[in-house]
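Below is one structure, written out as structure tokens, with a few remarks after it.
The values are calculated or read from the model by the stated rules, or taken from the named source; none is laboratory data. Predicted model only: the values in this text are computed from it and were never measured. Backbone-built Cβ (ideal geometry, glycine too); neighbour counts: all protein chains shown. The protein model used for the area step is the full one, side chains on, heavy atoms only, and it has no ligands, DNA or RNA in it. Shrake-Rupley method; radii C 1.70, N 1.55, O 1.52, S 1.80 Å.
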Amino acid sequence: MTRCTFHADFFDDRCSECKKEYNEMKGISDNVISGKIGSSVIHNNPIPHKKYKEFTELRAKKLYEELIIQYVKVSNEAEAAEKARSIIRKQCKIRGMPYWPWI
């Protein structure tokens, strides 16, 4: 199985190795997706560069707060805080931006 060595934690829509890995996991050929809707066939066109929303520190703190509230329901406070910080770090990594000191 093809495996992207650069993007180990997530799939990058612009990376050809990530696309190959995803298609192999789904059992899809490289050129055509065999999932038929009615009688039409969906072709595997290259995905344009995704434009992510601006991820400011204020948005990150709000997201952190919401995530902690969600995770504290199913785990303790320390685990909830670490899970929330890991999601914030992943969002920063996707956008290619540095982490804030509080992460």
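Going by the structure shown, is Lys73 modelled with pLDDT of 85 or more, more than 19 Å from Tyr99 (Cα to Cα) and of a type in the set (Lys, Arg)?
Against the criterion (modelled with pLDDT of 85 or more, more than 19 Å from Tyr99 (Cα to Cα) and of a type in the set (Lys, Arg)), Lys73 qualifies.
Taking only pairs six or more apart or across chains, which ones have beta-carbon atoms under 8 Å, a first residue in region 66-86 that is acidic (Asp, Glu), and a second residue that is in a helix (DSSP H, G or I) and surrounded by 13 or more Cβ atoms within 10 Å (Cβ to Cβ)?
Partner pairs satisfying both residue conditions: Glu77/Ile68; Glu79/Tyr71.
Among (1) open to solvent by 90 Å² or more (accessible area, probe 1.4 Å); (2) under 22 Å from Asp9 (Cβ atoms); (3) hydrophobic (A, V, I, L, M, F, W, C), there is one condition Ala84 misses while meeting the rest; what is its number?
Of everything listed in (1) open to solvent by 90 Å² or more (accessible area, probe 1.4 Å); (2) under 22 Å from Asp9 (Cβ atoms); (3) hydrophobic (A, V, I, L, M, F, W, C), Ala84 misses just condition (1).
If you go through region 72-100 one residue at a time, how many are assigned to a helix (DSSP H, G or I) and more than 19 Å from the chain's Cα centre (by Cα)?
6
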